[in-house]
Each structure stands twice: as C-alpha cells, then as structure tokens.
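Engineer: One structure follows; several queries about it will come next.
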Amino acid sequence: MNIASKYDPARVEEKWYSYWMEHGLFRSTPDEREPYCIVIPPPNVTGVLHMGHMLNNTLQDVLIRRARMQGKNALWVPGTDHASIATEARVVNMLREQGIEKGDLTREAFLEHAWEWKEKHGGIILEQLKKLGASCDWSRTKFTMDEEMSESVLRVFVDLYRKGHIYRGIRMVNWDPQAKTAVSDEEVNYKEVQSKLYYLDYRVEGADDHITIATTRPETILGDTAVCVHPEDERYHRFHGKKVIVPLVNRPVPIIVDEYVDREFGTGALKITPAHDINDYTLGLKHNLESIDIFSDDGTLNESAGILVGVDRFEARKQIIPMLETSGSLRKQEDYMNKVGYSERTDAVIEPKLSLQWFLKMDELSKPALAHVLDDRVKLQPPKFKNVYRHWMENLKDWCISRQLWWGQRIPAWFYGDHPGPNDYVVALTEEEALVEARKVTGNNQLTAADLHQDEDVLDTWFSSWLWPISVFDGIRNPDNPDINYYYPTNDLVTAPEILFFWVARMIIAGYEYRDERPFNNVYLTGIVRDSQRRKMSKSLGNSPDPIDLMKKYSADGVRVGMLLCSPAGNDLLFEESLTEQGRNFSNKIWNAFRLVNAWEVNNEIAQPVSSAEAIQWFNARLNKALGEIESQFSRYRISDALMTTYKLFWDEFSSWYLETIKPVYQQPIDAETKHATLDFFDKLMRILHPFMPFITEELWQLMQKREEGESLMIASLPQKERIDHKLLHDFDIAREVITQVRSIRKEKNLGKNDTLRLLVKNASAGDYPVRMEPVISKMGIISDIGQTEEKIEGAVSFIVRNVEYYVPLGNLVDTGEEIKRMEKELEYTRGFMHGVLKKLGNERFVSNAPEAVVAAERKKLADAEAKIRTLEEQIAALS
C-alpha cells in the first residue's frame, strides 16, 4: 500500500466530512437503542467562530462521537439563536449605511430587511463548525425564530400568563439607550472606571443653611425629589421635616430620614432620584416620593429636566458643572473609582429607568430547579458551581421578559379600544383568539380586529432559548411526540459558566414546568479561554487568533487536541498556539507510525521472536489499563485528562516502547503474528483516538484494510476493557528501568550500538527481577548475553533497579582514568545532595509540621542517595 510521506489534513478533512454527510452518519431517529443526546448552545445567528466556540464544540463532539462508538443512538442537535439585540443592531447599521433609518420604516418593512440579512449572513458559524468536524445532525438544524419554534414560545407566554406568573407593570429596569430596550441584570457587565465625585450644596428652604451631598452623576439632580439622611446622624437632626432647594431648577424637595443611608459614605446625605437609581426607586416607593424621569429612550434629557433638553446625558454632565459653579452650588470635586454597568450587547452605559414592561414571577417557578440541582438530579461539573448556582437561585428577581425591539417573537397581547388604558388588553395565541377574548372581557360583540392593536414589544431572546431542549423536539406544541419522549431528558449540556444563570437555570425551570423533568442530566461547565497574560480573548484586544486560520495552519485535529490539552473543566484555560502545534505534531507522529508499520514486509516462514511475544502481551495489558483510566476520566468529565492518557498511550507506550521492541532489523521482514497483532493494536488505538481526532483516525482506519462503501470508524465500536495482567505490567516497568540504565551507560561511556555489552544480575532469584523480560532487555539494550552472579564484578559499572543490582562489564571499552574522574565528580555531587536532605530532616520544625508524605519522600531521597554513594564508592575502588 502506497501511503504519502506527509499527512495532508486539508485533503483528508474535506474528503471524510463529505463522506460522513453523504452517508447520513450523523443522522439519528428514535429506535430501540439507548439514546444519547446533546443540544448545542445555539450561537448567535450574527456570530462567527471564536476560541470559546472552538473549545465548547470540540468537547461536545468528543462526547457525541464517543457515545456513538459505544453503540448508543447519538444525536447532537444544532441551531442558532435569533439574538434580538445584536441582530437588530446589525440590521440597523446596515440600513444606515444605505441611508435608511429604522424609524422611517414600518415594522413589516424592517423585518423584511432583517430576514434578508439573516438568510445572507446568518448560519456562517454552523458552516465553520463543520470545518472543526462537528458531527451534528444537520437535518435537525433549528433557528429560534423558525415558525414552529416561535409558536412554542408564544404558547408558553400565554400559558404562564393564564397561570398568573406573567404580569405587566412599571418597574426599574436596565435601559440600553443605544439599543433603546430594557436588558436583564445578567446582560449587564460592571467595569471599574475612573470617575469624579462632585460635592453639591442644597440650600435649606427658608434658612441661611445648606446640606452638602456627593454624587458621581450631577446631571441627575434635575430629577431629584428628596434628600435623605440617617435618623441617628446628629449632624442633620436640625433639618428633619424641612425642605431643600434643588440647584439650577430651584425645586423644593423634602428632607427624609431612613436607616438605609450609610453615614460614613460621602457626606452622609443622599440625593434621591427615584426614576434613575434602583435604590432611590425603592426609597421613593417607601416614602411616597414623586418620580421625575428626565431621560428620553436614547439617553438625551427630555422636557422634564427643565434645562439642557435634547442634550446627551454625558454631554449634559460636562455642561452642568460650570452651571453649578456659577450658581455657587459646586463645593468641590475629587477623583473617584466606581463600578459602572455596561450593556453586554452594545457596550453602552446602562441607564436605570422606570419603564412599563412585562415580567415573569420567578419565586414559585424556580423552586424545583433549585432543589434538583442541590440533590444532584442535575449534576454540575465541576461541582464547585453548585454553591454559586444556589446563591443566585435564592436571590432571584422577577424576570423582565419584554424588549423594545422589532426582531423577535412579538408579545401576544392585544390592546382594545380607541384609547386603551394600561390594563385594557387580552393575551392570546392569535389575533382571532384575542378578538374572542376581548369581546368576552368587554361584553362588546361589535369589536372587530381593527379595534385591536398588538403590543409593539418582543420577548427577551432568552425567553425562547430557555425552551431549547424541549422546543427542538416540538415538545411544547406536541408534548407526546416520539422525539421528545425518546430524547428528553438530554444527557449532557456543555456551556460556559457565565450563562449558568440566565440560560442553564432557566432551562431547568422550564424543564420542570413543562415536562416535570430535568432537561439534561449533567452540565459540563467549561472555562474561559484566556491568553498567556490571563486576559480574556477578544477581538478588541487583538489577542484572539482566527480559529479558521488556526485549522488551516495546524489542521482541525491539531486544533482540537491543542484546545483540549489546556481545558480542565470549570477552570480558565491559558491558550498558547504552541499547543495546537503540539496537536499537529501528534498527527504527524500517528501518520509516521502507521507508515512504519505498513512498510514492514511479512515473512510467513519466520518464527515470532520471544521479545515480540512478550511485548504484545505487555502492550495488550497496558492498553486495557488505559481503557479503564479513560473510562473513569470520562465518567468524571476529565476530558482533558482522558486525551492526555490516550496521547501518552500512543506516543510513549506504543511508539516509543512497543514498536521499538517488535521492530525488525533494518530491511528485514517481520513475522506474520507480530504484524497482525500490531495492526490490531493500531485499529484499537484509532478507535480510542477517534472522538478526539476524527479526521486522521478515519483516514488511517480506512487505509488499514479494504472497507465497504458506507463503513466508517465513527460508527465502529470502542474497544472493551479486558482483564489486566498487573504482574506483567510490573515486570515490564522493571525491564524498562533496566534498559534505561543500560542506555545511560552507553551514553555516558560514548558507546555505540555496535559495542556489544553483557549484563550480569546479582542474586536475581532473591530480588524483584523479571526473568521473562530478558529477551526484551536483550533487544532494547543491545545486550549479547544476560547472566547471573552472586558476587560483585570487579571493573564493571553497576546500577540498582528496585532491590536488584546489575553489572555491565566494560573491559577495554572505556578509559579507566576518565571513568574514575567522572564517578568522583558524581560522588561529590551526590554527597552534597545528601547533606542537603540530612539538614532538612535534622530540622525538628520541618519533621513535626510537614505532611507525613513529604517527610517520607525526603527520607526516601536520603536512602537512595546513601545507596548511590555506596555503589559509586565501590565502583571507584574496583577501578582503582
């Protein structure tokens, strides 16, 4: 068989991904097998592949491919999220570049542009995932705004409303002035910023006195409706029950007292702006204060501000400072570090704002989702996230589920009448149903569809994706269909810790509400991909490589290995490009190992060497030991460790020791039994490696023998662990140590392969000496003869492995004088090392306080050093 000298990943990846697709090998439908299902965390339809996606989807593909090879009916459901805010922002920018403003379009016209953009640009990321080798069932690809998916979302809204869980009300929300919509608490990122703290004097009404307050937002004084002090703060007792005048607008506002005030912060007096601060809003409700909203939806000041109308909030801050100075109200200003909330989607500074929104009550709905994570019915991997999850779930607020956008599922609420009040609405799945309901509520059978107006807002994107594990199987609309009954609950969810709360937790809530069952058994939480300086990878920092470029340079398999080598579950991973290079080098190692084995010609007439027979038995035991370790690592979601075990099994054990042991003499044939066993091992190794490195393993597996059309490694069975001969593994480990010592002697003495050595074993029968491994030792150590002795061999180099002493007579092969010099130098070093260990063990504090294992390790170092000194002294004496 003619195999290329160099591995060509680009050709191989294209060939085998097309083959898998053509033969429907990713497809899954319910049958009698055990199901194994993963639903992809749907990436934003606006998205392109980044390093976080690479990690997340590599892990999912490893799990799904392994399950498929375990004989399970494996299904990986792909799809994308409509990403209301991000997508609408993209479309608005696109239109603006064409000279079109969103406000100039009808809703229907805008949505036509949005769908056109989605069809043209959306889904790029799914095509990129194919380059990675993602084995999703692409025939099941979902989009959260597909017709049936949207219907599921709307049905849930109607159902929860009718159950009394959804309500409409004015609340303080996080307002994104750039996107002009409310966003949830979880979509706000807080950053430390350098600000100014401004000290302002509020004149007391009817008195020659003032109260000084401190604020980072002087522009919001225009919405102040009170000043608050602590009831026990003696500095302000004389002001209780009085009023102060708000600077610039000259509005009298009451001085109120409340224990909420921190007397130590600033001046101990707070300006209260109920419309623009969540804590002020709470105080305003408590003290029945007026609420003055001074900001328009775009963050400019409105008519209620009285001054600076139409000016952006940050520009207003700049302009109001000289005005305060002129009025004599600005006492001083100082530098101040504080946390400011930014919109996750647009990076605009969030504005706390009173707004009429739709909310979902979370207190009752969330109880099963908390209980079943705490009792491990849903397992978080790693478990350390359980406490974080509990803290969040025990402090849930009602979920603001409405967004002031056009792209998304429009809220199924219809207002009726010419001038509807805030409560003049009905909730229904369709306009036809809404009309029936409105006639019933009003008692007016003359109402027509023309009298109804649907709510302009859409639902939060997460209100669709929280149903994802159910809705992808149509489990809301058709709750007893074959797919949902077979695949739900799914098995594993692989996602990032930062969306544990506003996606994972909500999916668990929805699962128990609509299926009375968890949506998945395990949640594998990946770390964040960071650079070597521990910075999160991002385009803005320029520290994130393009995954497609990485795959072109290092191959898909190489990048997969590189990502997994640095990805412990739940811990951030420090990505270095050298790891993907290591992955590529591993591919080359595998390729070259197969080329070596394939090139060996078989002679059916020659007998199998004993060394080869022993090596075959040993590697079989070693492979079975590794299978047990890998199974254990996967069960604990130690996927990086499972790859490393597999990596070492192939590189260190198979290539470095097994192949070297059975390798025939140059240009000589190999016996048939050994060649057959070696190809069988290679087959098993390709199966073990396939979930991690699907492309190169498929290529080599197909090259190993003629396969039928449609056959594939990805649907072959994983090797099953068999009985392990632990004594054989032990014996080979000893043989390996002996061979390593002999090789060291050759290196130290400058002896070549043609310098044949003898090896004598002292008191072999009384020690731990593996006689059966002598053929392996002879071949790998290039030993002409192995004998036994009961005496020390004068003039020979000796070494100890375990409790057995070995001698290598060198005769005239070395310069005695140079050898004595070398050993004296080594003796001096070893005595110095021993002195250091003795000093440590002579320290009573160390011996008393150090862990027992540490002290034991130091004592072993001492014993080893003493034994080595004795051996060196004896060797020097023998040569002198």
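Engineer: Once amide H atoms are placed 1.01 Å from N in the peptide plane, what residues at a sequence separation of 5 or more from residue 336, or on another chain, have their amide H within under 5 Å of its amide H?
Structural biologist: 195, 196, 197
Engineer: Something else now. Counting DSSP beta bridges with both partners in the chain, what percentage is antiparallel, nearest 5?
Structural biologist: Counting DSSP beta bridges with both partners in the chain, the antiparallel share is about 70 percent.
Engineer: Return the FRET efficiency for the residue pair residue 771, residue 552: r is the Cβ-Cβ distance, R0 is 60 Å, and the value is rounded to the nearest 0.05.
Structural biologist: It comes out at approximately 0.65.
Engineer: List the residues, sorted by chain then number, that are 5 or more residues from residue 73 or on another chain and whose placed amide H is less than 5 Å from its amide H.
Structural biologist: When sequence neighbours closer than 5 places are left aside, the close amide H contacts are 34, 36.
Engineer: Rounded to the nearest 0.05, what FRET efficiency do residue 326 and residue 264 have when you use their Cβ-Cβ distance and R0 = 25 Å?
Structural biologist: 0.20
Engineer: Work out the charge dipole of the range 1-110 with +1 on the Cβ of Lys and Arg and -1 on the Cβ of Asp and Glu about the Cα centre, then indicate which of 47, 103, 64 is farthest towards its positive end.
Structural biologist: Towards the positive end, the residue furthest out is 64.
Engineer: In nm, to one decimal, how far is the modelled label at residue 339 from the one at residue 304, with both set 7 Å along Cα→Cβ?
Structural biologist: Each label point is offset 7 Å from its Cα along the Cβ direction, giving 2.7 nm.
Engineer: Moving on. Hey, quick one: spin label on residue 572, modelled 7 Å out along Cα-Cβ, who in the range 482-508 has an amide N within reach, i.e. under 20 Å?
Structural biologist: 495-501
Engineer: Let me ask something additional. From the protein chains alone at 1.4 Å, what is the descending order of accessible area for 370, 459, largest first?
Structural biologist: Solvent-accessible surface, decreasing: 370, 459.
Engineer: Here is a follow-up. Contour minus end-to-end for residue 195 and residue 163, with contour as 0.36 nm per residue of separation and end-to-end as the Cα-Cα distance?
Structural biologist: Contour length minus the Cα-Cα distance gives 6.9 nm.
Engineer: Sticking with the crude label model, points 7 Å out along Cα→Cβ, report the distance from residue 288 to residue 835 in nm, one decimal please.
Structural biologist: Between residue 288 and residue 835, the simple spin-label model gives 8.9 nm.
Engineer: Could you tell me which chymotrypsin sites (Phe, Trp or Tyr not before Pro) in the range 580-673 are loop residues by DSSP with no more than 12 other beta carbons within 10 angstrom of their beta carbon?
Structural biologist: 666
Engineer: Whole-Hz ³J(HN,Hα) for each residue in the range 450-455, computed from phi via Karplus 6.51 cos²θ - 1.76 cosθ + 1.60 with θ = phi - 60°, x for glycine and proline: what do you get?
Structural biologist: Working through the residues one at a time gives 5, 7, 9, 9, 6, 3 Hz.
Engineer: Moving on. Over the chain, what is the mean sequence separation of C-alpha contacts under 8 Å (at least six apart), divided by residue count, expressed as relative contact order in percent?
Structural biologist: Across the chain, relative contact order equals 12 percent.
Engineer: In nm, what is the difference between 0.36 nm times the number of residues separating residue 48 and residue 11 and their Cα-Cα distance?
Structural biologist: 11.0 nm
Engineer: Here's something else I'd like to know. Checking the table 589/663; 191/536; 242/271; 131/553; 118/353; 648/675 against a 24 Å threshold on Cα-Cα, which pairs fail?
Structural biologist: From the list (589/663; 191/536; 242/271; 131/553; 118/353; 648/675), the Cα-Cα distance tops 24 Å for 118/353.
Engineer: Would you give the gap between the C-alpha center of the range 487-535 and the C-alpha center of the range 98-166, rounded to a whole Å?
Structural biologist: Distance between centres, Cα-based: 21 Å.
Engineer: Along the Cα→Cβ direction, 7 angstrom out, place labels at residue 733 and residue 121. What is the inter-label distance in nm?
Structural biologist: About 5.9 nm separates the two model spin labels.
Engineer: Taking a point 7 angstrom from the Cα of residue 802 along the C-beta vector, which residues in the range 725-740 have backbone N less than 11 Å away?
Structural biologist: Hits in the range 725-740 for residue 802 at 11 Å: 727-738.
Engineer: Would you work out which of 188, 240, 659 lies farthest towards the positive end of the dipole of the chain, given +1 charges on the beta-carbon of Lys and Arg and -1 on that of Asp and Glu, about the Cα centre?
Structural biologist: So the residue furthest toward the plus end is 659.
Engineer: Right, another one. Explain nothing, just the number: dipole magnitude of the range 205-326 about its Cα centre with +1 on each Lys and Arg Cβ and -1 on each Asp and Glu Cβ, in debye rounded to the nearest 20.
Structural biologist: The calculated dipole for the range 205-326 is roughly 200 debye.
Engineer: Using just the helices of the chain, give the 222 nm mean residue ellipticity in deg cm²/dmol: DSSP H runs with n ≥ 4 each add -39,500 (n - 2.57), and the total is spread over all residues, rounded to 500.
Structural biologist: -13000 deg cm²/dmol
Engineer: Now, a different point. Taking 0.36 nm per residue of sequence separation and subtracting the Cα-Cα distance, how much length would be gained by fully extending the chain between residue 278 and residue 667, in nm to one decimal?
Structural biologist: Residue separation times 0.36 nm, minus the Cα-Cα distance, leaves 131.9 nm.
Engineer: Can you list the residues, at least 5 places off or on another chain, whose amide H is less than 5 Å from the amide H of residue 409, using H built in the peptide plane?
Structural biologist: Under 5 Å from the amide H of residue 409: 459.
Engineer: So, with +1 on the Cβ of K and R and -1 on the Cβ of D and E, and no other charges, what is the size of the charge dipole of the range 52-97 about its Cα centre, to the nearest 20 debye?
Structural biologist: 340
Engineer: Given Cβ point charges of +1 (Lys, Arg) and -1 (Asp, Glu) and nothing else, what value in debye, to the nearest 20, does the dipole of the chain about its Cα centre take?
Structural biologist: Result for the chain is approximately 2160 debye, rounded to the nearest 20.
Engineer: Next question, about the same structure. Evaluate E = 1/(1 + (r/R0)^6) for residue 873 and residue 651, where r is the Cβ-Cβ distance and R0 equals 45 Å; express this FRET efficiency to the nearest 0.05.
Structural biologist: Taking R0 as 45 Å, the efficiency between residue 873 and residue 651 is 0.70.
Engineer: Work out, in µm²/s and without decimals, the Stokes-Einstein translational diffusion coefficient of the range 239-301 at 4 °C, 1.567 mPa s, Rh from Kirkwood over C-alpha pairs.
Structural biologist: Taking Rh from Cα pairs, D becomes 99 µm²/s.
Engineer: Oh, and also: How big is D, in µm² s⁻¹, for the chain by Stokes-Einstein at 37 °C and 0.692 mPa s if Rh is the Kirkwood radius over C-alpha pairs?
Structural biologist: Approximately 98 µm²/s, per Stokes-Einstein.
The values are calculated or read from the model by the stated rules, or taken from the named source; none is laboratory data. Everything quoted here is computed from the prediction, not taken from an experiment. Please note: Cβ atoms are built from the backbone with ideal geometry, for glycine as well, and neighbour counts cover all protein chains shown. Heads up: the accessible areas ignore ligands, DNA and RNA and are worked out on the full protein's heavy atoms, side chains in. Shrake-Rupley method; radii C 1.70, N 1.55, O 1.52, S 1.80 Å.
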